Structure formats: C-alpha cells, structure tokens
Amino acid sequence: MTPKLAALLLAVAVWAAGTAAGTPSDDTIRVARDGSGSFTSVQQAFNALPDSSAHRTVVFICNGRYYEKLLLPASKRNVTIIGESADGVVLTYDDHSGKPSGSDTINTRTSWSTCIAADDVSVERVTFENCAGRVGQAVALMVAGDRVQFHHCRFLGNQDTFF
C-alpha cells in the first residue's frame, strides 16, 4: 500500500467514524504545494476553516516543506490535522528571540513557527520545526488551546522548541 493510499484511507476512516456516530460527515480540506489540493499553503486552509464549528473539520496536508508562520486561531475549533507522513510534512519558520520585526523585536513568546490557539485539535503525522538555527530561543510549536493532542508527530528546534 502506498503512503498516499494509506493517508486517504485514514481520512475516509475519520469521516466514517463521524458518520457512524450520527454526526454530519466531516469536511476535508486538502493542502498540496503542487496545486492538486484545495490550497497550496497551510495558513490558507486554516483561514478557510469555519469559525466556532460544532462539527470536526479535517485538514489533510500532503508531503512537503511548508515555510510559513502558522496560526490556528481560537475561533477555529474542532479541527483534525493529518499529515501524509511525519517525515514528509514539515511546518517550519525561522523566527527567534531578538529578531527585528518591523519596529518591534521578536521575543520567546512570539518566536513560534506554529501556534495552535484553538480548542479540541488533534494532529497526526506532522513535523513542527523552527529552522532559525543556533540563535537562542526559537519556538517550533506554541499551544494555547485546550484539549490539543498529538500523535506520531515530531518537534524540531534548538532552544525552547515547545511553548
């Protein structure tokens, strides 16, 4: 079985589980850098998620290195993020404490590559990375939401990788 077929079967299983439980079928948003999905960037997919949804939405991310500063805001709850593979889906950015940003300077709290502020989020097979290098505090993942879980994920950075 190819990795793409396995990922598709997993997405169908998640959808079927929701339907079997008597809830409406899950919406699935597909992100692919090559343009074969609904969006080419993860942030575009996050922005398209419904606000304050009572139903789970799946964001499936195809293999690729996504160089973006990502924010899943508090208004985008009940989300499942599924990567094609943990080694193949890398969400990365290079902010770090002390880096100039307009008229301000980034600090540890704002140096994240990805920030999940939403509640009830599940993430599978994704690598979260801060690629700033050995420059001091550089957060790969900041979690501010409640009931956020990670399965088969990787977290890469040099200092203060998780906040």
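Details
- Residue selection: V139 satisfies the criterion of being in contact with a Ser or Thr (Cβ under 7 Å, 6 or more places away or on another chain), among the β-branched types (V, I, T) and outside any strand (DSSP E or B).
- In segment 62-75, residue nearest to D146 (Cα to Cα) [restricted to those that are in contact with a helix residue (DSSP H, G or I) (Cβ under 6 Å, 6 or more places away or on another chain) and surrounded by 17 or more Cβ atoms within 10 Å (Cβ to Cβ)]: L72
- Selection status of H55, open to solvent by 20 Å² or more (accessible area, probe 1.4 Å), touching a residue at least 12 places away in the same chain (Cβ under 8 Å) and more than 25 Å from T110 (Cα to Cα): yes
- The residues in segment 148-163 that are in a loop (DSSP other than H, G, I, E, B) and open to solvent by 50 Å² or more (accessible area, probe 1.4 Å) can be counted, and the count is 5.
- The residue of segment 83-106 that is nearest to the chain's Cα centre (by Cα), among those that are outside any loop (DSSP other than H, G, I, E, B) and crowded, with 22+ Cβ neighbours inside 10 Å, is L91.
- The set of residues in segment 111-120 that are touching an Asp or Glu at 6+ places or on another chain (Cβ under 9 Å) and not small (G, A, S) comprises W112, T114, D119, D120.
A quick yes/no check of all residues on (1) at pLDDT below 95; (2) open to solvent by 20 Å² or more (accessible area, probe 1.4 Å); (3) outside any loop (DSSP other than H, G, I, E, B):
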| site | (1), (2), (3) |
| --- | --- |
| R77 | no, yes, no |
| I81 | no, no, yes |
| C115 | no, no, yes |
| D119 | no, yes, no |
| V123 | no, no, yes |
| E129 | no, yes, yes |
| D146 | no, yes, no |
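The values are calculated or read from the model by the stated rules, or taken from the named source; none is laboratory data. Predicted model only: the values in this text are computed from it and were never measured. Neighbour counts are summed over all protein chains in view; Cβ atoms, including those assigned to glycine, are modelled from backbone coordinates with ideal geometry. The protein model used for the area step is the full one, side chains on, heavy atoms only, and it has no ligands, DNA or RNA in it. Shrake-Rupley method; radii C 1.70, N 1.55, O 1.52, S 1.80 Å.
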